[in-house]
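As structure tokens, the structure follows; a few thoughts come after it.
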Amino acid sequence: MKLLVVSAGLSSPSSTRLLADRLTAATLAHVDAEPEVIELRELATEIARHFVTGFPPARLAAALDAVAAADGLIVVTPVFAGSYSGLFKSFFDVIDKDALTGKPVLLGATGGTARHSLVTEHALRPLFTYLRALALPTAVYAASEDWGEDGLARRITRAGTELARFMAPTTADTPLDVDTAAAIAPRSATGAITSVDPADGFEVVPFEQRLAALRAR
């Protein structure tokens, strides 16, 4: 299998590439795949030329072929003016309209403040839905203050596990192991899927118990 990583960071090193690398490592911990990284800043001139001429130069053509051949993608962009960068959008503007159909895509973004944390939902997810990709449930946004925090590490682990799951669907012969299942969908004591991970030490109170407490007042 092939895992393609698209990073739209503009500097080297960049927090965008760092997040891409962390997501890649989290994915490869659960699936045997060959990773390839595309740094869009290295293709900026070729992307602009493609818009003008209608024909992709050789390096850009190879990148577009890599998108089409990938079994799964990790895409990470810095936030500009509350949305994805122009370079990021331009790259996905020139891919074939069917290149991402049905492909699992892990969405990631970086920014200087937590105020942009919903960029993955209001900008990235609609874009990849339009391209008919399978945008995974867990997207990862990393603000400057998130680095080194356990919360970011947990989100990265969960997102990478989800991508691995969708790249290599389980069958009756290859069931999902307990640890992987828990990372994808933490469950409460009653077995219901919950956004609260029991490992964090939070107490999940059943709804019936809460309702009974209200009636007793």
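The solvent-accessible area of Asp146, taken with every protein chain present and a 1.4 Å probe, is close to 40 Å². For the stretch 1-112, the gyration tensor built on C-alpha atoms gives an oblate shape. Its axis ratio a/c (a ≥ b ≥ c) is at least 1.5, and a/b is not larger than b/c.
Between amide H atoms placed 1.01 Å from N, distances below 5 Å from Ala142 occur with Ala109, Thr110, Gly111, all of them 5 or more places distant or on a separate chain. Its relative contact order, with pairs defined as Cα atoms under 8 Å and 6+ residues apart, puts the stretch 34-155 at 22 percent.
Counted residue by residue at 0.36 nm each, then reduced by the alpha carbon distance between them, the extension gain from Thr113 to Asp98 reaches 2.0 nm. By a 1.4 Å probe calculation restricted to protein chains, Arg154 has an accessible surface near 120 Å², given to the nearest 10. Neighbours of Leu40, meaning other residues whose beta-carbon lies under 13 angstrom from its beta-carbon, give a summed charge of 0 when Lys and Arg score +1 and Asp and Glu score -1. On a per residue basis, the stretch 32-180 carries 49 Å² of accessible surface, using protein heavy atoms and a 1.4 Å probe. Applying both filters, DSSP loop and at most 16 other Cβ atoms within 10 Å, to the GluC sites (Glu not before Pro) of the stretch 53-158 gives Glu149.
The values are calculated or read from the model by the stated rules, or taken from the named source; none is laboratory data. Just so it is clear, the model here is predicted, and its values are computed rather than measured. Cβ atoms come from the backbone with ideal geometry, glycine included; neighbour counts cover every protein chain shown. SASA here: full protein model, heavy atoms, side chains in, ligands and nucleic acids out. Shrake-Rupley method; radii C 1.70, N 1.55, O 1.52, S 1.80 Å.
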